[in-house]
Amino acid sequence: MNLIKTIFFTAIISVVLSVTALAQSNGSISGTVTDVNGAIVQGATVTAVGPDGKEKTATSNKNGEFTINNLQPANYIVRVVAPNFALFENSEVAVTAGKKSELNVCLSRVERR
């Protein structure tokens, strides 16, 4: 009976450690979206494109903040779009395992004629 308990306990610990290690192997990108005057841009769509072409998207909140979690370590292309603003693109955003990459975005207004 003690052997079964030991095996069961060891299996549970192994699963917990594996899940923890997996969670730490990914990183994230977060930041704030503002305009050239420093005003917050709410509702901007922020997209991270990985080297494999897979995309993950977030939307800036009422404070202009966004976070894209669970990204594999790699260099990402980050695009930000919002109504009445020009496209922002940064093609060299590095994501490191277990770290948060900070990317503050400044959008330029598009003039309407």
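Each value in this text was obtained by applying a stated rule to the coordinates, not by laboratory testing. If you're wondering where the values come from, they're calculated on a predicted model, not measured in any experiment. When we count neighbours, we look across all protein chains shown, and the Cβ atoms used for this are built from the backbone with ideal geometry, even at glycine.
Contact annotation: residue pairs with Cβ atoms under 9 Å, 6 or more positions apart or on different chains, pairing a residue in region 68-87 that is among the charged types (D, E, K, R) with a partner that is part of a loop (DSSP other than H, G, I, E, B), are ARG79/LEU87. Within region 64-93, the residues that satisfy the criterion of being over 20 Å from SER108 (Cβ atoms) and among the β-branched types (Val, Ile, Thr) are THR67, ILE68. For region 40-58, which residues satisfy the criterion of being part of a strand (DSSP E or B) and over 11 Å from the mean Cα position of the chain (by Cα)? Result: ILE40, THR45. Could you tell me whether any residue of region 49-64 is of a type outside the set (S, T, N, Q), on the phi > 0 side of the Ramachandran plot and surrounded by 14 or more Cβ atoms within 10 Å (Cβ to Cβ)? Yes, region 49-64 contains at least one residue that is of a type outside the set (S, T, N, Q), on the phi > 0 side of the Ramachandran plot and surrounded by 14 or more Cβ atoms within 10 Å (Cβ to Cβ).
Among the conditions (1) part of a strand (DSSP E or B); (2) within 16 Å of ASN104 (Cβ to Cβ), the only one that ASN61 does not satisfy is (1). Taking region 64-98 as the range and being among the polar types (S, T, N, Q), part of a loop (DSSP other than H, G, I, E, B) and within 13 Å of GLY27 (Cα to Cα) as the test, the residues that pass are GLN72, THR96. Applying a threshold of 6 Å to beta carbon distances and a minimum spacing of six or more residues, or different chains, the list of pairs starting in region 24-48 at a residue that is among the aliphatic types (A, V, I, L, M) and ending at one that is part of a loop (DSSP other than H, G, I, E, B) and loosely packed, with under 15 Cβ neighbours inside 10 Å reads VAL36/SER108.
Restricting region 28-39 to residues that are among the aliphatic types (A, V, I, L, M) and in a strand (DSSP E or B) leaves a set whose member that is farthest from GLU65 (Cα to Cα) is ILE29.
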